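Trainee: First the structure, which I've put down as structure tokens, then a few questions once you've had a look.
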Amino acid sequence: MSNPDRYAVIGHPVGHSRSPFIHQRFAAQTGQSLEYTTIDAAPEEFAATVRAFFSNGGKGLNITVPHKEAALKLVDELTPRAQRAGAINTLALRKGGTATQLGLLGDNTDGAGLARDLLNNHRIMIAGRRVLLLGAGGAARGALAPLLGLKPSELTIVNRNVLRAQELVERFRDLGQLRAIGYDALGNDAYDLVINATAASLAGELPALSPGIVNTRSICYDMAYGRDDTPFVRWAHQRGCARATMGLGMLVEQAAESFHLWRGVRPDTASVLSALAAELQA
């Protein structure tokens, strides 16, 4: 009997990741033979760790914080959505790839996962709404094209380094109404939807937010998740927003996109999302 195909998520830190839980259930559901683990690699170890994984027979990797932009340097080919984002969260061994000629394909499934979670799981309408996106890193890059495809009336990117946010405005300007600001310029202008794409929640921290950016009609969404509410979700509830939720559904939906790229099978996400939510509450 042959060994199962090997997959993993690589990040720093990565011990909190629920990706193994998700992919193992996708595999069982679809009858696929694979194993999925976590790999913790600091930035200076990232490239060598990825090459070693694939050289030793690995088939695919998910990329998480802080490696989504660094991974671009390791691929031979990008999917159109990864090319658009300028960041990747999925690596796949292309057909014909070998231990000596890896032939890695880079994809970005974050934005598709976010859009599906907002629309299908939470029934949040984006069209005609004012959206505020916190952060301008790899997670924001992956989210922008799908978000703009949902036709918000305007999308504002706020970041500590305004130049990074402005770079994204220039990169995605052709897709919709975009602007870039710093946190000191937030003011008291309330948004319909506020999405946290920073890594602050992973460190138990909160971006420097003005309380006026949300009101009783605002919906807040944190791409991060945990057993308990993230600092951003707690902040949103305290400010009396209409709804505040974590990115558990985004995690499952983007994982399904990666699984489909790797295995050619699209798993059912609803049952796995329910199992994951129950596991976190246990």
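Trainee: List the GluC sites (Glu not before Pro) within the range 138-210 that DSSP assigns to loop and that have no more than 16 neighbouring Cβ atoms inside 10 Å.
Mentor: Sparse-neighbourhood loop GluC sites (Glu not before Pro): E205.
Trainee: A follow-up question, please. In deg cm²/dmol and to the nearest 500, what is the mean residue ellipticity at 222 nm of the chain if only DSSP H runs of at least 4 residues count, each as -39500 (n - 2.57), divided by the residue total?
Mentor: Result for the chain, helices only: -10000 deg cm²/dmol.
Trainee: Fewest to most neighbouring Cβ within 10 Å: what's the order for S2, S153, S258?
Mentor: With the fewest neighbours first, S2, S153, S258 line up as S2, S153, S258.
Trainee: Based on alpha-carbon centroids, what's the gap between the range 156-216 and the range 240-282 in Å, whole number please?
Mentor: 25 Å
Trainee: Given a Förster distance of 51 angstrom, what is the FRET efficiency for N188 paired with N3, based on the Cβ-Cβ distance and rounded to 0.05?
Mentor: Between N188 and N3 the formula returns 0.30.
Trainee: Pop out the ³J(HN,Hα) list for the range 197-206 in order, Karplus 6.51 cos²θ - 1.76 cosθ + 1.60 with θ = phi - 60°, rounded to Hz; leave Gly and Pro as x.
Mentor: 10, 7, 8, 4, 4, 5, 9, x, 10, 9
Trainee: Give the dimensionless ratio obtained when the Cα radius of gyration of the range 111-248 is divided by 2.2 N^0.38 Å.
Mentor: So the Cα radius of gyration is 0.94 times the expected 2.2 N^0.38 Å.
Trainee: Something else now. How long are the three semi-axes of the equivalent ellipsoid for the range 103-190, computed from the Cα gyration tensor as the root of 5 times each eigenvalue, in whole Å, largest first?
Mentor: They are 21, 18, 11 Å, listed from largest to smallest.
Trainee: In square nanometres and to one decimal, what's the mean projected area of the convex hull around the Cα atoms of the chain?
Mentor: 14.5 nm²
Trainee: Only bridges with both residues in the chain count here: give the DSSP antiparallel percent, nearest 5.
Mentor: Roughly 15 percent of the beta bridges in the chain run antiparallel, per DSSP.
Trainee: Another question, then. Could you give the length gained by full extension between L280 and S55, i.e. 0.36 nm per residue of separation minus their alpha carbon distance, to one decimal place?
Mentor: My answer for the length gained is 77.6 nm.
Trainee: Which parts of the range 171-193 would a label at S210 reach, counting a residue when its backbone N lies under 13 Å from a point 7 Å out along Cα-to-Cβ?
Mentor: The answer is 181-191.
Trainee: Which angle between 0 and 90 degrees, to the nearest 10, do you get for helix 270-281 versus the longest principal axis of the chain when only C-alpha atoms count?
Mentor: The answer is roughly 80 degrees.
Read the figures in this text as sums done on the coordinates, not as results from a lab. Just so it is clear, the structure is predicted and the values come from calculations on it, not from any experiment. Note: ideal-geometry Cβ built from the backbone for every residue, glycine included; neighbour counts use all protein chains shown.
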